[in-house]
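I have placed the structure first, in the form of structure tokens, so that the comments after it can refer back to it.
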């Protein structure tokens, strides 16, 4: 039986997941693939710390070159994470004629275009199913399963840590800080959670997934990003009174020749199938012009789900190598010469519905003043809740708008916040209604 | 640019979906594939009825041989449906050196093993993404995306008509007959809905999906099938009081060397992500030993979603042909020589929780008698609701059990139904809790 030799770089959590899956499922993998995936070497600077998945001593090395320069190794699996030295290692692996499987979304978001070009020049392949939405076969679905579609929209819950925190804030009424602390205690959030809670990790993934969906080069620096650290549980509660749940949504749209990419806390209808995605789960809701609405759901992180995605790439790649076609499917779904730099729609041009919470003194005429300013900026009100109770000396006036232009919203809120009856900055959230998952 | 010639057999709803997708998305398909998918011929007995997607006169033919024997045609797309003549046409196409794409789940459920063997012998390929769950890239996910897993369970809402009917019975309190009539009026149910509402269509799909998941040959005749035509809205209502929603679930499990395949109305927890799948939508919830829980959701039928799946197969196949590897991925995920006839667990051996509704006279000692018989058969009660109101002269006693063995349940209910205080046969439903989609 043919043997494909794997060199693993990074023996951390995901690395252990790969080691485990290759060992535990060797039988079914062989039965599917008709070849053997052999772990030939494992490189990590730390060989001392005990791991959940042990590796035979003779496979271990501290030297990256032992993997990168081993002529027997067919595929390098990069699970170091971060920009460097991971980027240099991948370039070196490609130069040395190796194919690459990586879970490194930060690196691909920042340098994917360069790395894919290098792979093309070298006649080698980079696979990255594990980089977006972990165990969910999202990349494969976008690239192959939906190949007969013009994909126009993608709504993703792409960060399990943020979704866990929002779920706990929603269901248990915790503050952001309390929910974060709980997530850290449970090992769901990292000691430094900023990439996750500030939306950057979701933005990395969105940049990759939207390139694949729309036929664009990766344009990570153009993603509009807002995190959840500023979310007030009061807005989650009031949003629910309008029938919405709050999610950190990664949104990509392709329309009228422009591409919209944004990550921010978003209210979605409570009955929507995306709203039922709770805890550390991820989900991606996609609209294609033929298939309609599709959603993929599962765990987006963790040792085994991510390991599952890496192994799927290894199986695919081993198959393609056996057929002598490492570039069987283009990395970004479209042939490299067909990728375009699709112009970006700035956030100011986005049109969506909004939730506002005004903190105004309880005086006659306040509501009329606020409504007047909104009207001047072509923002029309769909619903209002004015609660009797005061919060910090002011009455919260909560509004839901019809579709409005973000730049108008910003101007209007700027004016409103300067009113002397408004005691603190208006909180606002965008509302999205991903294509209806209800009765067709 | 390379041109791949397609011969379409069956110019019905799905056929029109394929014609539409090939025309509408020709540009993106070319940009992804680097080849052109050309519709070269369309065969149908009826060329008169007007279609939503017209086809150039010169491509149309009434004679199957015009497609099957055209040496220019690379791929035959079989969308006639049913066992014959579709089966003979596919065999003929393979013999004539053509590859086949089909959406025909009934045919594959009944004769898939034979057809795949024939394709293998001929060095040709049969693709069938459209046969299970329509536009959802389920086959690809099971076969490739989750290739690093031992898949052990699959829970599917695989029939949109049945799901629509149950959704309307649940949300609007309609009877089965009323909901069916509404579905027919809306074009969601066919004039003869029996395959859909009696669970046979879902069983076709389950037989295919479970073969792919577990490495089995297709064993359609072993699926235990119960439909929804006998469902009483009262049981939906009472089930909700226990916190469950009713779905027509297709369940496959692989454990202890045996395979379980069953389709029946099933109560699932109302908060579960599968319970949020409403209307004509389909969803498949899969558990793999590495990835954990994954769910795929979308439209399982209809012109465009099914067309989307057919075109995805065409793109894949065109790619594989360009690389000279039509058997790039084995049709049933496992190498043909590794497929086994996994022994089937009969329904009598299934262990699950149950919902019972007894129709008993309101006399002292009735509950104790019923509970006594259940206890003798090792069925332990988790919850009871006894409603004051009489229904047809009897009081409904509703119970939820802990896990019990189906054969014990049948014996116990047989005894209970023979009691003279029990006025009509006990209604029972199975309860399943697909691996939790809640907080990890």
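One table, with the values for the structure above:
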read-out	value
Scan of segment B:35-65 for residues that are under 13 Å from residue B:89 (Cα atoms) and free of Cβ contacts under 8 Å to residues at least 40 places away in the same chain, ordered by number	B:43, B:44, B:63, B:65
Residue within segment B:343-352 that is at the interface with chain A (Cβ under 7 Å from one of its Cβ atoms), in contact with a helix residue (DSSP H, G or I) (Cβ under 8 Å, 6 or more places away or on another chain) and free of Cβ contacts under 8 Å to residues at least 60 places away in the same chain present	no
Residue in segment B:100-117 that is under 30 Å from residue A:21 (Cβ atoms) and either modelled with pLDDT under 95 or touching a strand residue (DSSP E or B) at 6+ places or on another chain (Cβ under 8 Å) (or both) present	yes
Of all residues making up segment B:1-28, the number that are assigned to a helix (DSSP H, G or I) and away from every other protein chain (no Cβ under 12 Å)	2
Test result for residue A:288, at the interface with chain B (Cβ under 7 Å from one of its Cβ atoms), modelled with pLDDT of 95 or more and on the phi > 0 side of the Ramachandran plot	no
Neighbours by Cβ (under 7 Å, 6+ apart or cross-chain): first from segment A:307-330, more than 7 Å from every other protein chain (Cβ to nearest Cβ) and free of Cβ contacts under 8 Å to residues at least 40 places away in the same chain; second crowded, with 18+ Cβ neighbours inside 10 Å and in a loop (DSSP other than H, G, I, E, B)	none
Any hit, segment A:76-85, residues being surrounded by fewer than 22 Cβ atoms within 10 Å (Cβ to Cβ) and more than 27 Å from residue A:222 (Cβ to Cβ)	no
Residues that are under 25 Å from residue A:78 (Cα atoms), more than 12 Å from every other protein chain (Cβ to nearest Cβ) and not in a helix (DSSP H, G or I), drawn from segment A:128-155	A:128, A:132
Any hit, segment B:273-282, residues being surrounded by fewer than 24 Cβ atoms within 10 Å (Cβ to Cβ), out of contact with any helix residue (DSSP H, G or I) (no Cβ under 7 Å at 6 or more places or on another chain) and farther than 21 Å from residue B:227 by Cα	no
Answer from B:124, B:111 - the residue that is more than 14 Å from every other protein chain (Cβ to nearest Cβ) and outside any helix (DSSP H, G or I)	B:124
Cβ-Cβ under 6 Å pairs, at least 6 apart or on other chains, segment B:404-419 side free of Cβ contacts under 8 Å to residues at least 12 places away in the same chain, far side surrounded by 21 or more Cβ atoms within 10 Å (Cβ to Cβ)	none
Yes/no for residue A:362 being in contact (Cβ under 8 Å) with a residue 24 or more places away in the chain, in contact with a helix residue (DSSP H, G or I) (Cβ under 8 Å, 6 or more places away or on another chain), in a loop (DSSP other than H, G, I, E, B) and over 19 Å from residue A:213 (Cβ atoms)	no
Residue match in segment B:130-147 (condition: surrounded by 24 or more Cβ atoms within 10 Å (Cβ to Cβ), free of Cβ contacts under 8 Å to residues at least 60 places away in the same chain and in the same structural domain as residue B:284 (by TED's automatic domain parsing))	yes
Positions within segment A:90-107 being part of a helix (DSSP H, G or I) and under 24 Å from the mean Cα position of the chain (by Cα), in sequence order	A:90, A:105, A:106, A:107
In segment B:29-66, the residues that are at pLDDT 95 or above and within 14 Å of another protein chain (Cβ to nearest Cβ)	B:29, B:30, B:31, B:32, B:33, B:34, B:35, B:36, B:37, B:39
Identity of the residue in segment A:331-342, more than 9 Å from every other protein chain (Cβ to nearest Cβ) and touching a helix residue (DSSP H, G or I) at 6+ places or on another chain (Cβ under 8 Å), that ends up nearest to residue A:413 (Cα to Cα)	A:342
Tally, over segment A:296-306, of residues that are facing chain B (nearest Cβ under 7 Å) and in contact with a helix residue (DSSP H, G or I) (Cβ under 6 Å, 6 or more places away or on another chain)	3
Residue that is surrounded by the fewest Cβ atoms within 10 Å (Cβ to Cβ), among those in segment A:223-245 that are touching a helix residue (DSSP H, G or I) at 6+ places or on another chain (Cβ under 8 Å) and assigned to a helix (DSSP H, G or I)	A:240
Positions within segment A:419-440 being assigned to a loop (DSSP other than H, G, I, E, B) and modelled with pLDDT under 95, in sequence order	A:420, A:421, A:433, A:434, A:435, A:436, A:437, A:438, A:439, A:440
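Table: residues versus (1) assigned to a loop (DSSP other than H, G, I, E, B); (2) in the same structural domain as residue A:117 (by TED's automatic domain parsing); (3) closer than 18 Å to residue A:132 by Cα.
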residue: A:290; (1), (2), (3): yes, no, no
residue: A:294; (1), (2), (3): no, no, yes
residue: A:318; (1), (2), (3): no, yes, no
residue: A:321; (1), (2), (3): no, yes, no
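The values are calculated or read from the model by the stated rules, or taken from the named source; none is laboratory data. This is a predicted model, so every value here is computed, not measured. For neighbour counting, all protein chains shown are included, and Cβ atoms are generated from backbone atoms with ideal geometry for every residue, glycine included.
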